[in-house]
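The values are calculated or read from the model by the stated rules, or taken from the named source; none is laboratory data. Note that the structure is predicted; figures quoted are calculated from it, not measured. Positions of Cβ are generated from backbone atoms using ideal geometry, with glycine treated the same way; all protein chains shown enter the neighbour counts.
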Amino acid sequence: MKTKNILAAMLLMVSANMMADEYEYKYLTVSYGNNSEESISLPTVQKITFEEGFVVVATTDGNFKFPISIMDKMTFTETATAIEALPEEAKGVTYKDGTLAIKGDGLLRIYNTGGALVNIANVKEGANISLGNLPAGVYIVRMGDKVIKVRK
């Protein structure tokens, strides 16, 4: 009987370790506002507090503040989900064959997946912006309230 209990305990420990490895979370993802999401790398998170109507996530890179009134949820995820949540095209900005086609006037910004601004341009109606000078990868293109994900 004692041997069976020890074997059962060992099996339970191995199963628990395998499940923990299978669901290794790497990001704290906060969903808020108009379908906005922000993913914060878990190893950088030091603490989460509540201050005057805000959730404050203190990290080694600084503090992130999210208004509680517009927060939808806060979850742990294996991947940064904010980029994957974006549409491939938005009304007024489309991407095809290495070129962005623009409808409307405004300031166009292109970000890499690390959040760094890699290109900015003041565009006019009908403009075509080539992404040929950028290395292959995923980019976020924003013009006014239009945001798309581009896979080059």
Hits in the range 111-152 (condition: in contact (Cβ under 8 Å) with a residue 40 or more places away in the chain and either buried (at least 17 other Cβ atoms within 10 Å of the Cβ) or touching a His at 6+ places or on another chain (Cβ under 7 Å) (or both)): 140, 141, 143, 146, 147, 148, 149, 150
Can you spot a residue in the range 5-21 that is at pLDDT 75 or above and either among the polar types (S, T, N, Q) or surrounded by 10 or more Cβ atoms within 10 Å (Cβ to Cβ) (or both)? no
Taking the range 88-130 as the search range and keeping residues that are under 28 Å from residue 39 (Cα atoms), of a type in the set (Lys, Arg) and touching a Lys or Arg at 6+ places or on another chain (Cβ under 8 Å), which one is modelled with the highest pLDDT? 109
